[in-house]
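Only one structure is covered here, and it is reproduced in the block below.
Each value in this text was obtained by applying a stated rule to the coordinates, not by laboratory testing. Being a predicted model, the structure only gives us computed values, none of them experimental. Neighbour counts are summed over all protein chains in view; Cβ atoms, including those assigned to glycine, are modelled from backbone coordinates with ideal geometry.
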Amino acid sequence: MPASAGNTVSSTRTWARSPDHSRERGEHLVEKPENARERYANFILPTLQRPFEIHRTEYEDGFRDRYIGLFTGENDLLTVARINKDGGVLWNVMNVEDKRMNKQRVGELLYPKK
């Protein structure tokens, strides 16, 4: 059930372009050049299109799907992308060890990696 060009991804707005976020919030992505957060943006679309797992997670205002992506390289990365009710995408990318990944697996498992 990954997002595909025929459904969620094509209609999903990015966080920075979502109308309910101010310019100042968008600048958070690039406010610390030493962190180079923008380099992680390229991991979000692959996470939505080919997730490792998808979990339906309950929040205060209802249920949303959390897409988990895993990437290996010089540093192993875990991405979590959540599609909000307004169509915006909230995402986070972090360096992880295997034991820390389990903390991100919250809710009902909808789509396991095969």
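The table for this structure:
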quantity	calculated
Cα→Cβ-extended label distance, 7 Å offset, between M94 and E38, nm	2.5 nm
Mean Cβ neighbour count within 10 Å, used as a protection proxy, ranking 73-83, 90-100 highest first	73-83, 90-100
